[in-house]
1. Viscosity 1.002 mPa s, temperature 20 °C: what is the translational diffusion coefficient of segment B:2-109 from Stokes-Einstein with a Kirkwood Rh over Cα pairs, rounded to a whole number of µm²/s?
2. Helix-only mean residue ellipticity at 222 nm, the protein assembly as shown, DSSP H runs n ≥ 4 weighted -39,500 (n - 2.57), per residue, nearest 500. What is it?
3. Cα gyration tensor of segment A:17-107, axes a ≥ b ≥ c as square roots of the eigenvalues: rounded (a/c below 1.5), prolate (a/b > b/c) or oblate?
4. What residues in segment B:36-55 lose 20 Å² or more of accessible surface when the other protein chains are added to their chain alone (1.4 Å probe)?
5. Out of the total accessible area of segment A:17-107 (probe 1.4 Å, heavy atoms of protein only), what percent is carbon and sulfur?
6. Return the distance in nm (one decimal) between the two label points of a simple spin-label model at residue B:125 and residue B:30, each offset 7 Å from Cα along Cα→Cβ.
7. So between residue A:105 and residue A:27, what do we pick up on full extension, going 0.36 nm a residue minus the alpha carbon distance?
8. Over the protein assembly as shown, how many percent of alpha carbon pairs lie in each 10 Å bin up to the one with the longest distance?
Amino acid sequence: MSGLPADGTGGRDPGLQPERTRLAWRRTGLAYTVVAVLAVRLALTGDVAGALLAGATVLAWWATLVVGWGRATGRRQSRLDARAVPLVALGTAGLALLCVSLVLRGVW
Amino acid sequence: MPAAKRIIGVVWQAIRRWFDPSDLDSVGSTPDYRFSLANERTFLAWLRTGLALIAGGLAAAQFLPPLPLRHLREAIAVTLLLLGGTVAVRAVDHWSRTEQAIRLGRRLPASRFPAVLALIVAVGALLLVVAVLARGVSDR
């Protein structure tokens, strides 16, 4: 009988790697939430362009949460799933550029 | 313009590497999943570093009072925002290069980026110390 290992972990990875990765995605989602709130606050100046930029920010935030959820619940076999990881990073870079445009908009 | 062509080629290769992990499946062997997860967590930690810089830029733009130098506040905000975006892009590049190295059993990619970022942050903090001290002296 191969059975469970006798180390009392019930056959789970004793390093808790999946759990740590899940929590890392949670932390990233929370950090993203703070950034999204600040960006929306800066974007909403009462005109259409501001509303559109705020909408784009919310979209990037939502997409990141969805990707993080997918990665965290263990369905990491699909190809689309692994492609979503670089999308999250590029979305963050895009959000940074969007925020730059918001700051410059205030200057002019 | 052979130089420009080469740069475009390098960038294109990098983007393909980011987005096509299935391409990687053809090289090397599937690594221990724990290594992949550790690599992903490192990527996420860098992403949060980038998000923190972006949050700092957004906070500077919204909560700093107008500074004596014209547009200095906006310059600080834009610098932090661009730095945060750079950190995010570099994070995904390093993630994919590390994943490839793990698959091929090569050495992990070395990087000067952490040292450069640390220096930039240190210089920025030093400038802030000087600014705070200068204001304290001129107020007196």
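1. It diffuses with D of about 133 µm²/s by this estimate.
2. Result for the protein assembly as shown, helices only: -27500 deg cm²/dmol.
3. prolate
4. When all protein chains are present, B:37, B:40, B:41, B:43, B:44, B:47, B:48, B:51, B:54, B:55 each give up 20 Å² or more of accessible surface.
5. Its accessible area is 72 percent carbon and sulfur atoms.
6. Going from the residue B:125 label point to the residue B:30 one covers 4.4 nm.
7. Fully extending the segment from residue A:105 to residue A:27 adds 25.0 nm.
8. Pairs per bin, as whole percents: 7, 26, 29, 22, 11, 4, 1, 0, 0.
The values are calculated or read from the model by the stated rules, or taken from the named source; none is laboratory data. Everything numeric in this text was worked out from a predicted model, so none of it was measured. Counting neighbours? That spans all protein chains shown, and the Cβs are built from the backbone with ideal geometry, glycine included. Remember, those area values only see protein heavy atoms, side chains included, never the ligands or the DNA or RNA. Shrake-Rupley method; radii C 1.70, N 1.55, O 1.52, S 1.80 Å.
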